[in-house]
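Visitor: Okay, here's the structure, questions in a sec.
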Amino acid sequence: MKMVIYTDGGARGNPGPAAIGIIFLDLNKEYGEAIGEATNNVAEYRAVVFALKKAKQLLGKKSAEADIEIRSDSELIVNQLSGKYKVKDADLKEFFVDVWNLKQDFGSVLFTHIPREKNKKADWLVNKTLNTLI
């Protein structure tokens, strides 16, 4: 089973009030959630962590066989999680480890960088959530 998930995270103020947006394309499910004060990069990582945890919850025992594709417009996050960039920021290292551990629950996890224009719905969820906070 293949599952495509779009993720986005953002903060107003960087750091500032932050939110995440996740779209499970194949399941027709979407989530927007406030995450408190964070930087944009932390919000992007938190979106990926949320997506993988939710995928495991939704798939149950089938998660071990699932091939997950995370699509994000964050070049930094995708390249760090794909092993192309080192993770130098101490705050981001924690999230990197969380994602690494969560990946073990699936058949495979692929991180794909997409243009911002192809991530509009996840971005919309982030901004919709942020607008309720401010």
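Visitor: Looking only at region 3-14, decide whether some residue is more than 22 Å from residue 119 (Cα to Cα) and of a type in the set (Phe, Trp, Tyr).
Guide: No, region 3-14 contains no residue that is more than 22 Å from residue 119 (Cα to Cα) and of a type in the set (Phe, Trp, Tyr).
Visitor: What residue, among those in region 51-70 that are closer than 18 Å to residue 6 by Cβ and free of Cβ contacts under 8 Å to residues at least 40 places away in the same chain, is nearest to the chain's Cα centre (by Cα)?
Guide: Applying the filter and picking the extreme gives 54.
Visitor: A further question on this structure: Residues being in contact (Cβ under 8 Å) with a residue 12 or more places away in the chain and either surrounded by 16 or more Cβ atoms within 10 Å (Cβ to Cβ) or not acidic (Asp, Glu) (or both): count how many of those fall in region 71-88.
Guide: As a first pass, look at region 71-88 and keep what is in contact (Cβ under 8 Å) with a residue 12 or more places away in the chain: 71-82.
Still in the list and also either surrounded by 16 or more Cβ atoms within 10 Å (Cβ to Cβ) or not acidic (Asp, Glu) (or both): 71-74, 76-82.
Within region 71-88, residues that are in contact (Cβ under 8 Å) with a residue 12 or more places away in the chain and either surrounded by 16 or more Cβ atoms within 10 Å (Cβ to Cβ) or not acidic (Asp, Glu) (or both) number 11.
Visitor: Here's a follow-up. Could you figure out which of (1) assigned to a helix (DSSP H, G or I); (2) out of contact with any strand residue (DSSP E or B) (no Cβ under 8 Å at 6 or more places or on another chain); (3) in contact (Cβ under 8 Å) with a residue 12 or more places away in the chain isn't true of residue 119?
Guide: (2) is the only condition that residue 119 fails.
Visitor: Going through region 33-59 one residue at a time, which ones are surrounded by fewer than 19 Cβ atoms within 10 Å (Cβ to Cβ) and of a type in the set (Lys, Arg)?
Guide: 53, 54, 56, listed by residue number.
Visitor: Right, another one. So, residue 63, is that one in contact with a helix residue (DSSP H, G or I) (Cβ under 7 Å, 6 or more places away or on another chain) and either surrounded by 22 or more Cβ atoms within 10 Å (Cβ to Cβ) or not polar (S, T, N, Q) (or both) or not? It would help to see each step written out before you state the result.
Guide: On the way: in contact with a helix residue (DSSP H, G or I) (Cβ under 7 Å, 6 or more places away or on another chain): yes; either surrounded by 22 or more Cβ atoms within 10 Å (Cβ to Cβ) or not polar (S, T, N, Q) (or both): no.
For residue 63, the condition - in contact with a helix residue (DSSP H, G or I) (Cβ under 7 Å, 6 or more places away or on another chain) and either surrounded by 22 or more Cβ atoms within 10 Å (Cβ to Cβ) or not polar (S, T, N, Q) (or both) - is not met.
Visitor: When you scan region 12-32, do you find a residue that is within 14 Å of the chain's Cα centre (by Cα), polar (S, T, N, Q) and either exposed (fewer than 14 other Cβ atoms within 10 Å of the Cβ) or at pLDDT 95 or above (or both), even just one?
Guide: Among the residues of region 12-32, not one is within 14 Å of the chain's Cα centre (by Cα), polar (S, T, N, Q) and either exposed (fewer than 14 other Cβ atoms within 10 Å of the Cβ) or at pLDDT 95 or above (or both), which makes the answer no.
The values are calculated or read from the model by the stated rules, or taken from the named source; none is laboratory data. Here the structure is a predicted model, which means the values were calculated and not measured. For neighbour counting, all protein chains shown are included, and Cβ atoms are generated from backbone atoms with ideal geometry for every residue, glycine included.
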